[in-house]
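Novice: The structure is given below, and queries will be raised subsequently.
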Amino acid sequence: MSGETNLNALIKSMSAVLIDGLYVFVTLPADQPPLNIAARMMFQEAEGTTYIILKSEAEARDLSFEFPCRMITLNIHSSLEAVGFMARIATALAKHDMGVNPVSGFFHDHLFVPDGREQDALAVLAEMSQG
């Protein structure tokens, strides 16, 4: 198992980085071939395939989309088995009336927060890491 599992260490050691770009969520029918696109995330569900892509790419391909959002990467190598990390973050953001769509990669966790609320989210994350 790689990555940090201790919740307190994860919270205190994380640093949040705002990634350039405005992202959106797109879904296509399950029977449609995959898009030839550089997606930040692609996930297949029974109802269709979800893509997180740049808004400009969705518009260029005339794709319907939802949830214009900004991506924040948490620069701490969290274990895929870490317990409570995303729950603690989602709870803190919810206290500020902010939803979040978290995505966990092998090395880092990424937060997709509503466009226009990214600075609020960064402030909450900074406050969390300072204890």
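The values are calculated or read from the model by the stated rules, or taken from the named source; none is laboratory data. Values in this document were obtained by computation on a predicted structure and should not be read as measured data. Heads up, the Cβs are rebuilt from the backbone with ideal geometry, glycines too, and the neighbour counts pull from every protein chain shown.
Novice: Step by step: first the residues of the stretch 110-131, then only those that are of a type outside the set (A, V, I, L, M) and over 18 Å from Gly21 (Cβ atoms), then the one that is nearest to the chain's Cα centre (by Cα). Which residue is that? Let's see the steps before the verdict.
Specialist: Taking the stretch 110-131 and keeping what is of a type outside the set (A, V, I, L, M), we get 110, 112, 114-120, 127, 129-131.
From what's left, over 18 Å from Gly21 (Cβ atoms): 120, 127, 129-131.
On the way: Asp120: 15, Glu127: 19, Ser129: 18, Gln130: 21, Gly131: 22 Å.
Per the stated criteria, the residue is Asp120.
Novice: Which of the numbered conditions does Thr91 fail, given that it passes all the others? Conditions: (1) part of a strand (DSSP E or B); (2) under 18 Å from Ala123 (Cα atoms); (3) without any contact (Cβ under 8 Å) to a residue 12 or more places away in the chain.
Specialist: (1)
Novice: Further question on the same structure: Please indicate, with yes or no, whether at least one residue in the stretch 60-78 is touching a residue at least 12 places away in the same chain (Cβ under 8 Å), on the phi > 0 side of the Ramachandran plot, hydrophobic (A, V, I, L, M, F, W, C) and surrounded by 11 or more Cβ atoms within 10 Å (Cβ to Cβ).
Specialist: Within the stretch 60-78, one or more residues are touching a residue at least 12 places away in the same chain (Cβ under 8 Å), on the phi > 0 side of the Ramachandran plot, hydrophobic (A, V, I, L, M, F, W, C) and surrounded by 11 or more Cβ atoms within 10 Å (Cβ to Cβ).
Novice: Please determine whether any residue of the stretch 13-36 is exposed (fewer than 13 other Cβ atoms within 10 Å of the Cβ) and among the hydroxyl-bearing types (Ser, Thr, Tyr).
Specialist: For the stretch 13-36, residues exposed (fewer than 13 other Cβ atoms within 10 Å of the Cβ) and among the hydroxyl-bearing types (Ser, Thr, Tyr): present.
Novice: Among (1) part of a helix (DSSP H, G or I); (2) hydrophobic (A, V, I, L, M, F, W, C); (3) modelled with pLDDT of 95 or more, there is one condition Met128 misses while meeting the rest; what is its number?
Specialist: Condition not satisfied by Met128: (3).
Novice: Could you give me the residue pairs with C-beta distances under 8 Å whose first residue belongs to the stretch 103-131 and is more than 18 Å from Lys12 (Cα to Cα) and of a type in the set (S, T, N, Q), whose second residue is at pLDDT 95 or above and outside any loop (DSSP other than H, G, I, E, B) wherever it lies, and which are 6+ apart or on separate chains?
Specialist: Ser104/His110
Novice: Something else now. Filter the stretch 27-65 down to the residues that are in contact with a strand residue (DSSP E or B) (Cβ under 8 Å, 6 or more places away or on another chain), polar (S, T, N, Q) and in a loop (DSSP other than H, G, I, E, B), then identify the one that is farthest from Pro114 (Cα to Cα).
Specialist: Per the stated criteria, the residue is Gln32.
Novice: Say whether the condition of being in contact with a Pro (Cβ under 9 Å, 6 or more places away or on another chain) and closer than 22 Å to Phe85 by Cβ is met by at least one residue in the stretch 25-34.
Specialist: Looking through the stretch 25-34, none of the residues is in contact with a Pro (Cβ under 9 Å, 6 or more places away or on another chain) and closer than 22 Å to Phe85 by Cβ.
Novice: Right, something else. Which condition number in (1) among the aliphatic types (A, V, I, L, M); (2) buried (at least 16 other Cβ atoms within 10 Å of the Cβ); (3) without any contact (Cβ under 8 Å) to a residue 24 or more places away in the chain is the one that Ala82 fails?
Specialist: All conditions are met except number (3).
Novice: Here are some residues: Asp120, Asp97. Which one is modelled with pLDDT of 95 or more and part of a helix (DSSP H, G or I)? Even if it seems obvious, please write down each step before you answer.
Specialist: Values: Asp97 fails: part of a helix (DSSP H, G or I).
Exactly one residue qualifies, and that residue is Asp120.
Novice: From the set of residues in the stretch 1-12 that are aliphatic (A, V, I, L, M) and not in a loop (DSSP other than H, G, I, E, B), which is surrounded by the fewest Cβ atoms within 10 Å (Cβ to Cβ)?
Specialist: Ranking the qualifying residues of the stretch 1-12, first place goes to Ala9.
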